[in-house]
Amino acid sequence: MNLVPVDFLRRIAITAFVALIAGCSSLPVVTPDMAQAGSDAVQLRASSGRVLSPQRSREIIERLAAGGTQTDILTRHLALEQAIADGPLTLGNRAVLLQDGPATYEAMFAAIASARDHINMETYILEDDEVGRRFADALLRKQAEGVQVHLIYDSVGAISTSRAFFNRLRDSGIRVVEFNPVNPLAAAAGWDINARDHRKMLIVDGKTAIMGGINISSVYSGGSLSRSRSSGGKQGLPWRDTDVLLEGPVVATLQKLFFETWAKQKGHAVEPREYYPAPTPRGSAVVRAIGSTPDEPFSRIYVTLISALNSAESEILITNAYFVPDPQFMEALMNAARRGVDVRMILPSTSDSSLVFHAGRSKYDPLLRSGIRIYERQDALLHAKTICIDGVWSTVGSTNLDWRSFLHNQELTAVMLGTDFGAKMRAAFERDLAASAPITLEEWQRRPVGTRLKEMFGRIWEYWL
C-alpha cells in the first residue's frame with residue numbers, strides 16, 4: 001500500500017490555512033449568462049458562482065509567501081484550488097491516465113470482472129453494437145453472480161439503441177434509468193427538452209472508478225496513435241479520447257454524484273450494499289471530482305476552469321473536441337497569453353458535428369492575435385477533453401469547452417494535482433502535438449470565403465449546439 005508523503009500533508013495544511021484566510025473576503029462572482037441578447041450577441045452577468053481573478057490569485061500566493069513558508073508551484077496550485085470549489089480535495093488517490101478506447105475498455109472490463117458487491121455505470125451513448133453487447137454481456141454475468149448493477153444512460157445519446165437491448169438488462173435484475181426521456185410522457189422526473197446527461201463513469205465496489213470522455217461504442221475500438229482505420233467513425237478515422245482510472249477516497253465523491261442523478265431521475269430504490277466502503281489510501285495523487293448539472297445556478301466546472309486559467313503561471317495545454325467558448329472563457333485564455341503564459345491548444349481538424357466545428361473555428365482570429373498557439377489534430381477524430389496547467393494541475397472529464405457543456409448538460413471532471421500525473425498529461429499532449437498541424441495567423445487570414453461563411457453560420461447556432 002502506498003502511503004501519502006509527509007510533504008503532501010504539509011502542503012495540504014498550508015492549503016487549508018490559506019483557504020481559511022481566503023474565506024474571510026468575498027470572491028468575484030462571474031458566470032456566463034448564455035441567453036441571447038439580439039440575434040447573435042451575448043452578455044455576461046453576475047451570478048452566484050465564485051471565480052478566482054488573477055488579482056485574487058496573486059493575493060493568495062502573496063499570503064503564502066508572507067507566512068514564511070517556502071512554496072513551489074504545486075503548493076500554490078493546491079492553495080488556489082482549495083479556494084475555488086465546495087467539493088473536497090481528497091488525498092491518497094491513485095490516478096492512471098487512459099488513452100483511447102482499447103486501453104479504457106480493457107480497464108473497464110477488468111474492473112467489471114473484479115466486482116464483488118456492486119457496479120454503477122453512467123454513460124451518454126450506449127450503442128447496440130459489438131462493444132455495447134460486450135458490455136451488456138459482462139454486466140449480465142455479474143448480475144447473475146449476485147453483484148447488483150445500476151445503469152444510467154442518456155435518452156438522446158442512446159436514441160438509436162433498441163428498447164430490447166435495455167429490456168434484456170432490466171429482465172435480469174439490472175436497475176436501469178433513462179435520463180430525461182425524449183418522450184415527456186415517459187419521464188419520471190421533471191422533463192427538460194434541452195437537458196442531457198453527458199457524464200461517462202464506471203464505479204466498481206465503491207473503490208475503483210473510470211471516467212472521462214469515452215462512450216460505449218465501436219467507434220472507439222481503434223487506437224488513434226496507429227494508422228489503422230478499420231474501426232473508425234463516420235469519417236473513417238480512429239477516435240482520440242482520454243479517460244482516467246481512479247482509486248482511493250475520491251471514488252466516494254463520484255459515487256455520491258451517481259446516486260444524486262439516480263434519485264433526481266426517480267430511479268428504483270437501491271438495494272442495501274456497501275456503496276461507501278472505508279476509504280483506503282491507494283497512492284499519492286490529490287484529486288477533486290466535480291459534477292455540474294443544468295438545474296444548479298452555475299456550473300462548478302466552469303468556475304473551476306476559469307479560475308485555473310486566471311491562476312496559470314507558465315503554461316496552459318488544452319486538448320478539446322468541441323471548442324465554442326463564451327466571451328468570458330475567451331478573455332481568460334487571451335489574458336493568460338498576454339501576461340506571458342504559453343497557451344497551446346489542440347483542436348479537431350475534422351468533427352462529427354460540422355456546425356460545432358465551424359463555430360469553434362470562428363474564434364481562432366482573436367486567439368491567434370493574442371499569442372495563443374492553435375494546432376489541429378490530424379488522422380484522428382478528436383474527442384478528448386483535457387487541460388494541463390503549469391505541469392501540476394490537470395483535468396480529465398466529459399466537459400467540452402462550449403455553451404452546451406456549461407449550461408445544458410450534466411458533466412463530470414476530475415482535477416488532479418501533482419507533478420507525476422502532470423508529466424503524463426504533458427507527454428500525451430506532446431504525442432498529440434506531433435500528429436497535429438499548426439494554424440498560423442497569416443495562414444488563417446487567407447482562408448477562403450466559403451470557410452468564413454460556414455463559420456458565420458455555425459456561430460449563429462453556437463448557443464444550441
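Close amide H contacts of Thr399 (hydrogens built in the peptide plane, cut-off under 5 Å, sequence separation of 5 or more or a different chain): Leu412. Each Lys or Arg adds one and each Asp or Glu subtracts one; over the other residues with Cβ under 15 Å from the Cβ of Gly213, this totals -3. Local charge for Gly291 was computed over the other residues whose Cβ lies under 10 Å away, with Lys and Arg +1 and Asp and Glu -1, and equals 0. Once C-alpha pairs closer than 8 Å and six or more residues apart are averaged by separation and normalised to the residue number of the stretch 111-162, the relative contact order reads 53 percent. The length gained by stretching the chain between Ala278 and Ser172 to full extension, at 0.36 nm per residue less their Cα-Cα distance, is 35.2 nm. Annotation: amide H of Val176 within the under-5 Å range of Leu151, sequence separation 5 or more or interchain, hydrogens built in the peptide plane.
When both the stretch 274-306 and the stretch 112-165 are represented by their alpha-carbon centers, they are found 23 Å apart. Taking square-rooted eigenvalues a ≥ b ≥ c of the alpha carbon gyration tensor, is the stretch 93-264 rounded, prolate or oblate, where a/c under 1.5 means rounded and, failing that, a/b exceeding b/c means prolate? Taking the square roots of the gyration eigenvalues as a ≥ b ≥ c, the stretch 93-264 is rounded. Candidate cross-link partners of Lys200 among the lysines, defined by an alpha-carbon separation under 22 Å and a same-chain spacing of 8 or more, comprise Lys142, Lys234, Lys256, Lys264, Lys266, Lys385, Lys424.
Using the Cβ atoms and a cut-off under 9 Å, what net charge is assigned to the surroundings of Glu247, where Lys and Arg are +1 and Asp and Glu are -1? Counting the neighbours of Glu247, the net charge comes to +3.
Can you bin the stretch 355-407 into rounded, prolate or oblate? Criterion: square roots of the alpha carbon gyration tensor eigenvalues sorted a ≥ b ≥ c, rounded for a/c under 1.5, prolate for a/b above b/c, oblate for the rest. It is rounded, given that a/c, with a ≥ b ≥ c, falls under 1.5.
Values quoted throughout were computed directly from the atomic coordinates according to the rules given, and no laboratory measurement underlies them. Remember, predicted model here, so these are calculated numbers, not experimental data. Cβ atoms come from the backbone with ideal geometry, glycine included; neighbour counts cover every protein chain shown.
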